[in-house]
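Peer 1: First the structure, which I've put down as structure tokens, then a few questions once you've had a look.
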Amino acid sequence: MKNTLLLASIVVTLFGCASQPMSNDESSHIPAEQRINGRLFISSPGTSEVTIKRDNSFGVPCSTKVFIDGAPVADIYKTEKAVVWLPPGAYILSAKTNGICGIKTGIVETGMTIKLGEKRSFRISLSGGGELNLTPTAF
């Protein structure tokens, strides 16, 4: 019973409030050791920039793993962003919170279509109800 209460307290602490959006400029780039698929982090001709960032007010001790078409790309902590370069096409972008922080959230996904030269941004956030979200953003 005590373990259940402790776990519940941890979850409430981690997921107690909704997160707030951050601009791309406010977010810091992930360090190289958090890049899982390094080739996607290199700009090359025929690719477009996609920024995936995480809000600053949830899941402090845990990272969020980002996937493109089911392949892991990076681990992102709060206030961080991963900037990847993709050729034009349709993709499925997914996110899953790692560790104990992922108990309640599961995997979220969104589709995206990238055009040549286009810049796209996506936000990983948490609702007031503790649900993980992955959405396009203008910020």
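The values are calculated or read from the model by the stated rules, or taken from the named source; none is laboratory data. Note that the structure is a prediction, hence the values are computed from the model and not measured. Ideal geometry is used to build each Cβ from the backbone, glycine not excepted, and the neighbour counts take in all protein chains shown.
Peer 1: Considering only the stretch 93-119, how many residues are basic (Lys, Arg) and either without any contact (Cβ under 8 Å) to a residue 40 or more places away in the chain or crowded, with 19+ Cβ neighbours inside 10 Å (or both)?
Peer 2: Going residue by residue through the stretch 93-119, those that are basic (Lys, Arg) are 96, 104, 115, 119.
Then keep just the ones that are either without any contact (Cβ under 8 Å) to a residue 40 or more places away in the chain or crowded, with 19+ Cβ neighbours inside 10 Å (or both); that gives 96.
Within the stretch 93-119, residues that are basic (Lys, Arg) and either without any contact (Cβ under 8 Å) to a residue 40 or more places away in the chain or crowded, with 19+ Cβ neighbours inside 10 Å (or both) number 1.
Peer 1: Among the residues of the stretch 86-114, which ones are of a type in the set (Asp, Glu) and either within 12 Å of residue 64 (Cβ to Cβ) or at pLDDT below 95 (or both)?
Peer 2: Filtering the stretch 86-114 for residues of a type in the set (Asp, Glu) gives 109.
The answer is none; no residue qualifies.
Peer 1: Assuming residue 130 fulfils every condition listed in (1) without any contact (Cβ under 8 Å) to a residue 40 or more places away in the chain; (2) surrounded by 15 or more Cβ atoms within 10 Å (Cβ to Cβ); (3) part of a loop (DSSP other than H, G, I, E, B); (4) not aliphatic (A, V, I, L, M) apart from one, which condition is it?
Peer 2: The failed condition is (1).
Peer 1: Just one of 63, 28 is touching a residue at least 24 places away in the same chain (Cβ under 8 Å), surrounded by fewer than 19 Cβ atoms within 10 Å (Cβ to Cβ) and among the small types (Gly, Ala, Ser); which is it? Even if it seems obvious, please write down each step before you answer.
Peer 2: Numbers: 63 fails: surrounded by fewer than 19 Cβ atoms within 10 Å (Cβ to Cβ).
Matching residue, one of 63, 28: 28.
Peer 1: Further, regarding this structure: How many residues are in a strand (DSSP E or B) and either more than 9 Å from the chain's Cα centre (by Cα) or modelled with pLDDT of 95 or more (or both) when one looks only at the stretch 45-64?
Peer 2: Counting residues in the stretch 45-64 that are in a strand (DSSP E or B) and either more than 9 Å from the chain's Cα centre (by Cα) or modelled with pLDDT of 95 or more (or both) gives 6.
Peer 1: What are the pairs, 6+ residues apart or on separate chains, where a residue within the stretch 72-92 that is buried (at least 22 other Cβ atoms within 10 Å of the Cβ) has its Cβ under 8 Å from a residue that is among the aromatic types (Phe, Trp, Tyr) and part of a strand (DSSP E or B)?
Peer 2: 73/67
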